[in-house]
1. Along the charge dipole of the chain, which of ALA13, ALA28, PHE72 sits closest to the positive end, that is, farthest toward it, with unit charges on the beta carbon of Lys, Arg, Asp and Glu (+1, +1, -1, -1)?
2. What per residue convex hull volume, in Å³, do the alpha-carbon atoms of region 39-79 yield?
3. For region 42-82, which trypsin sites (Lys or Arg not before Pro) are both in a DSSP coil and crowded by at most 10 other Cβ atoms within 10 Å?
4. Which value, in debye to the nearest 20, describes the size of the charge dipole of the chain about its Cα centre when Lys and Arg Cβ atoms bear +1, Asp and Glu Cβ atoms bear -1, and nothing else is charged?
5. Of the chymotrypsin sites (Phe, Trp or Tyr not before Pro) in the chain, which ones lie in a loop per DSSP and count no more than 12 other C-beta atoms within 10 Å?
6. For labels at GLN76 and GLU44 in the simple 7 Å Cα→Cβ model, what's the distance in nm?
7. Find the Cα radius of gyration of the chain, compare it with 2.2 N^0.38 Å by division, and give the number to two decimals.
8. Of the GluC sites (Glu not before Pro) in the chain, which ones lie in a loop per DSSP and count no more than 15 other C-beta atoms within 10 Å?
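Values in this text are rule-based calculations from the coordinates and carry no lab data. These numbers were taken from a predicted model, which means no experiment stands behind them. Here Cβ is always computed from backbone atoms with ideal geometry, including for glycine, and neighbour counts include all displayed protein chains.
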Amino acid sequence: MRAHPQDAAHTLAPVWGLDVTTIERANARRSYVVRAVAPQNFGEQQTIADTFCRNGLLPAEVPTKQAPYRDFTAKQAKTIGG
């Protein structure tokens, strides 16, 4: 995406149902920094997943409490719900 922003916008526009200009603008503001999702932010992730599911962008509900995440302090994978 970063190397070819116009190609990315044209590819994503029909998938996301947005116009190319909007996607180009959004991608220009994107940081491209990758970092782990902190456990305290999984509630926000659940809200996003529920919204996507409700709007037909996901085929089924995604229970984020069951999602694995990497606890870098403990150096192991955990789940939010247990």
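1. Checked the options; the winner is PHE72.
2. Numbers: hull volume 2.5 nm³, N = 41.
Roughly 61 Å³ of hull volume per residue.
3. Details: sites: ARG54, LYS65, ARG70, LYS75, LYS78; in loops: LYS75.
Listed in order of number, the matching sites are LYS75.
4. Numbers: 10 positive and 7 negative charges, 76 e Å.
That gives the chain a dipole magnitude of about 360 debye.
5. Working: sites: TRP16, TYR32, PHE42, PHE52, TYR69, PHE72; in loops: TYR32, PHE72.
Filter output for the chain: TYR32, PHE72.
6. Spacing of the two 7 Å Cα→Cβ label points: 2.8 nm.
7. Numbers: Rg = 15.9 Å, N = 82, 2.2 N^0.38 = 11.7 Å.
Working it through for the chain, the quotient is 1.35.
8. Here the sparse-neighbourhood loop sites are GLU61.
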